[in-house]
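**Q** Sharing a structure here in structure tokens format.
The values are calculated or read from the model by the stated rules, or taken from the named source; none is laboratory data. Keep in mind that this is a model prediction, so the values were computed, not measured. Glycine gets a Cβ as well: all are built from the backbone with ideal geometry, and neighbour counts include every protein chain shown. The accessibility values were calculated without ligands, DNA or RNA, using every heavy atom of the protein model including side chains. Shrake-Rupley method; radii C 1.70, N 1.55, O 1.52, S 1.80 Å.
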Amino acid sequence: MTSVLLLAAEKESAEVTDWAARIGWVVGLALFVALVYWLMREGWKWRGTLQGDLPELPSAPDDPGPARLTMTGRYHGSTTAGQWLDRIVARGLGARSRAELTLTDAGLDVVRPGASDFFVPAAALREARLDKGIAGKVLIEGGLLVVTWEHGDRLIDSGFRSDHAAEHNDWVRALTSMIETNSTEGAER
């Protein structure tokens, strides 16, 4: 009976793992992932090269005036206006980051720790709206504050998400009011 148990135990024993083949597959997979990452990075750099005609971003004036509104939250990126998937990466506009927005009579100041800050002059503001997505970030309907502004010969949509989403409506009202005021002043001149 013991010989029968030994034969049964031998039949159920696991096969020895072929470590050379397993290591080869792991190394191959790691190289494939590295190649895909490298191609994505090259694509990002190429997109920045294609958008190299984008002028330097304006910086905030020394005395922008008193703050009308302030907001902390996230900057989710910028796209060509009306093309929510056409991300703009030139001049650091493609880098997501924390953001501190300040609206003054001079314009919109966007301070981004760890990324390049930029300023949108009041005369360059074109539209403010609530939307649900922008290049790689989709939220619930109305979960994203999108500001359309003109820079050089381009219209740009920039997406922001406040830490307190209830602030978005106040921002849309204030920006729309500022845009309407600037457009009527421009028409009178």
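**Q** Can we say G77 is in a loop (DSSP other than H, G, I, E, B) and either surrounded by 16 or more Cβ atoms within 10 Å (Cβ to Cβ) or without any contact (Cβ under 8 Å) to a residue 60 or more places away in the chain (or both)?
**A** So G77 fails the test.
**Q** What about G52, is it open to solvent by 40 Å² or more (accessible area, probe 1.4 Å), at pLDDT below 85 and not polar (S, T, N, Q)?
**A** Yes.
**Q** While we're on this one: Checking G43 against (1) open to solvent by less than 50 Å² (accessible area, probe 1.4 Å); (2) more than 19 Å from the chain's Cα centre (by Cα); (3) not aliphatic (A, V, I, L, M): exactly one of these is not met. Which one?
**A** (2)
**Q** Quick check on my filter: what residues within the stretch 106-122 are free of Cβ contacts under 8 Å to residues at least 40 places away in the same chain and more than 13 Å from T72 (Cβ to Cβ)?
**A** Within the stretch 106-122, G114 is the sole residue that qualifies.
**Q** Exactly one condition in (1) closer than 24 Å to G133 by Cβ; (2) part of a loop (DSSP other than H, G, I, E, B) is not met by W44; state its number.
**A** Against the list (1) closer than 24 Å to G133 by Cβ; (2) part of a loop (DSSP other than H, G, I, E, B), W44 comes up short only on (2).
**Q** If you scan the stretch 117-134, which residues turn out to be modelled with pLDDT of 90 or more and either hydroxyl-bearing (S, T, Y) or not in a strand (DSSP E or B) (or both)?
**A** D117, A122, A123, A124
**Q** Something else: Here are some conditions: (1) open to solvent by 80 Å² or more (accessible area, probe 1.4 Å); (2) modelled with pLDDT under 90. F32 meets all but one. Which one does it not meet?
**A** (2)
**Q** Any chance the stretch 61-74 includes a residue that's among the hydroxyl-bearing types (S, T, Y), touching a Phe, Trp or Tyr at 6+ places or on another chain (Cβ under 7 Å) and touching a residue at least 12 places away in the same chain (Cβ under 8 Å)?
**A** No: zero hits.
To keep it simple, each residue is scored yes or no on (1) open to solvent by less than 70 Å² (accessible area, probe 1.4 Å); (2) within 22 Å of E56 (Cα to Cα); (3) outside any loop (DSSP other than H, G, I, E, B); (4) aliphatic (A, V, I, L, M).
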| position | (1), (2), (3), (4) |
| --- | --- |
| I140 | no, no, no, yes |
| L145 | yes, no, yes, yes |
| T148 | yes, yes, yes, no |
| L155 | no, yes, yes, yes |
| A166 | no, no, yes, yes |
| N169 | no, no, yes, no |
| A174 | yes, no, yes, yes |
| E180 | no, no, yes, no |
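**Q** Mind checking which residues of the stretch 78-108 are modelled with pLDDT of 90 or more, small (G, A, S) and either over 15 Å from R154 (Cβ atoms) or touching a helix residue (DSSP H, G or I) at 6+ places or on another chain (Cβ under 6 Å) (or both)?
**A** Answer for the stretch 78-108, where residues must be modelled with pLDDT of 90 or more, small (G, A, S) and either over 15 Å from R154 (Cβ atoms) or touching a helix residue (DSSP H, G or I) at 6+ places or on another chain (Cβ under 6 Å) (or both): S97, A99, A106, G107.
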